Each structure stands twice: as structure tokens, then as C-alpha cells.
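Working notes, structure below.
The values are calculated or read from the model by the stated rules, or taken from the named source; none is laboratory data. If you're wondering where the values come from, they're calculated on a predicted model, not measured in any experiment. As a convention, Cβ positions derive from the backbone with ideal geometry for all residues, glycine included, and neighbour counts pool all protein chains shown. Surface accessibility is based on the protein's heavy atoms, side chains included, excluding ligands, DNA and RNA. Shrake-Rupley method; radii C 1.70, N 1.55, O 1.52, S 1.80 Å.
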Amino acid sequence: MIILPGPASRELGERIAEGLDTVPRPVDYRVFPDGESYIKIFPDLKGETVVIVQTTAPSQDQRLIQLFMMVRTVKELGAARVICVVPYLAYSRQDKRFLDGETCSLDLVIKMMSDLGVDDLIVADAHSKASLDRANSEYMIRVHNISGVPLLAEYLKDNRFDGAYSLSPDEGAIHLAQAADVVLGGGYGFFEKVRDLRTGEIEMKVKDLDISGRKAVVFDDIISSGGTMARAIEGLKSQGAEKVAAACTHALFMGKAGDRIREAGADIVVFTDSVETSTEGVSITIAPLVVRELNKLIL
Ligand code: R5P
């Protein structure tokens, strides 16, 4: 099995290769002054199973085109099987047509990978599992979803959040709180979040949670602007929570997201290395989960 860490996932690619007891193969890449990407992969891939590791966090479009270039090239170089590890799958939130005339972007991204000949795609905490199931039935590609939530919860359990109450920002993400509760054991619930489909503005209703004097953790798949997480943290603090943690799989942290969350009262921020970030907080690697999934796939 040959591991190719793409430009967006050098570190994760190395960790995965280490977990598989191998050395990653270098990918030569460049971005020209006008923004176009260049990719060169060293030949000799005939008959090999090739694993491309390339997350697609901002700048999503550039990361996607680099991913497509790598897939195309390894196919041309004779790879027998192509597995893509794309922990943060861009456009996952546009997983259906919410308003007439919109592009169903996630569908397009998966179709392009399938058309290029990707055999398997491994993603982390997919925003919508239903859309992945749909992709599995409609395209030739097989999509596998791994979850970083148990690892985040384990870390928090060992760091003064044992017995904490687990929350998701909305009902659709309740499975995250549920999975965390298996580790933390303090019960779980969700906030009520409504997003205006035209403006993108969110409204979060905080129900009475009986959280006073307790520890609580909010688990989300993505932190982007930090607005959702900050409101959830404020809601918990206003109900008297003693200590509050913010946890997510994909730490996009755009602009001042980190400050927003800390100012809202988060005592600790925990995330995975699904995307490379310089945000302040604790980063937990998902490499062992990817290694486990790869080992299952090549059995
Ligand atoms: C949305 O449905 C996602 O699960 C996240 O809650 C959302 O993407 C977070 O975005 P932001 O940090 O901008 O509020």
C-alpha cells in the first residue's frame, strides 16, 4: 500500500504512514502566482493500492482540484486501487437542494471522485450520513465514515470532564452527543437550532437543561465561524454550568472563531487533526482510526 500525503494533509499523511509502518511517498506540488495548482507524483505505481490523503478545508476549491489531479495521475500511472482519505469533505453541508435552483454540491463532489475512478473514500464525521448512503447506492465509489468523537470524549474524560453532560447544537447532530455519552456517561441532549436558508443566520433556543453546577461538552462536526458553538456555550453558562468544553472534528476556525468561543466561556477547546490548524486548543489525531479503516479495506 502506498501512502501519498497531498498538500493539505502532509502531517496526517505521515501519521497514517507511520501507523502502517511505512514511509509516505512524496508528492511534488506548487501553486503558480495566478493560483493554479501543479502536481507531480513519482512513477512506478503499477498494480499498487494507492492511498491519497488530502483534506479539503479552505481553500476548498483548490484542495479539491489538487485531489482530482492526484487521483487522475495515480490512475494514469497504473494504480490498481485508489483509496482517498478526505477527513473533511468540502461542501458536505450542501447535501441537498434546500431551495429550487441550488446545486447539490456534495453530490457533485462525490460524483466527480467516482467518475475519476476512486474506489473507496474515507471521511470523518460526515455532516450527513444519509447523503453518503445515497452516494454508496448511486455511484461506483464506496464511502466509509469514521468518527473522531469517541477520541475527543476520551481526552475530555481523562481531563476533568468525566461524567459531563454531552450536547449537540441541533437535533440532526444528536448522534455526536450520543456517541460522546458512551464515554463520558453524564447524559446527552441537543439545542434547538434554526438556520435562515436565505441569510444563513442562525437562531438557537436553549431549553432548560438542569445543568447548574455540572460540567458539559458541546460536540459539533464543524466549527467554522464559531457562531453556533459560541451560542451553545453561552446558553450553558447562562444556566449555571460549572465548566464547559467545546469539541469538534473539523476545526476550520475562520477569522476570530477561536476568540469568539473562548469569550463565550469555553474552558477548553478540543478538535482533531482532520484539518491542519494553528488554532489554540488541544488537537487529537485521527490517524489510528484511518489506519484501522485502511486495514479493514485491504483485508
Ligand atoms: C451545521 O449544520 C454544522 O453542523 C455546524 O454546526 C456549522 O457548520 C458550524 O458553523 P459555524 O461555526 O459557522 O456556526
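The figures follow:
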{"quantity": "Ala57 vs. criteria of a type in the set (Gly, Ala, Ser), out of contact with any Gly (no Cβ under 7 Å at 6 or more places or on another chain) and touching a residue at least 40 places away in the same chain (Cβ under 8 Å)", "calculated": "yes"}
{"quantity": "Condition met for Ser105 (under 16 Å from Phe68 (Cα atoms), among the small types (Gly, Ala, Ser) and within 16 Å of the ligand (Cβ to nearest atom))", "calculated": "yes"}
{"quantity": "Failed item, numbered, when Ser137 is tested on (1) modelled with pLDDT of 95 or more; (2) surrounded by fewer than 17 Cβ atoms within 10 Å (Cβ to Cβ)", "calculated": "(1)"}
{"quantity": "Selected residue [under 24 Å from Ala90 (Cβ atoms), open to solvent by less than 10 Å² (accessible area, probe 1.4 Å) and not in a strand (DSSP E or B)] from Ile233, Ile261", "calculated": "Ile261"}
{"quantity": "Any hit, segment 191-198, residues being away from the ligand (no atom under 15 Å from the Cβ) and farther than 26 Å from Asp273 by Cα", "calculated": "yes"}
{"quantity": "Candidates Met204, Met229 - the one that is more than 23 Å from Ser274 (Cβ to Cβ), within 12 Å of the ligand (Cβ to nearest atom), of a type in the set (A, V, I, L, M) and not assigned by TED's automatic domain parsing to the domain that holds Glu102", "calculated": "Met204"}
{"quantity": "Residue list for segment 236-253, restricted to those being within 21 Å of Ile286 (Cβ to Cβ) and surrounded by fewer than 23 Cβ atoms within 10 Å (Cβ to Cβ)", "calculated": "Leu252"}
{"quantity": "Residue count, segment 207-226 (criterion: open to solvent by 30 Å² or more (accessible area, probe 1.4 Å), away from the ligand (no atom under 13 Å from the Cβ) and at pLDDT 80 or above)", "calculated": "5"}
{"quantity": "Among (1) within 16 Å of the ligand (Cβ to nearest atom); (2) touching a Ser or Thr at 6+ places or on another chain (Cβ under 7 Å); (3) modelled with pLDDT of 95 or more - the single one Gln94 does not satisfy", "calculated": "(3)"}
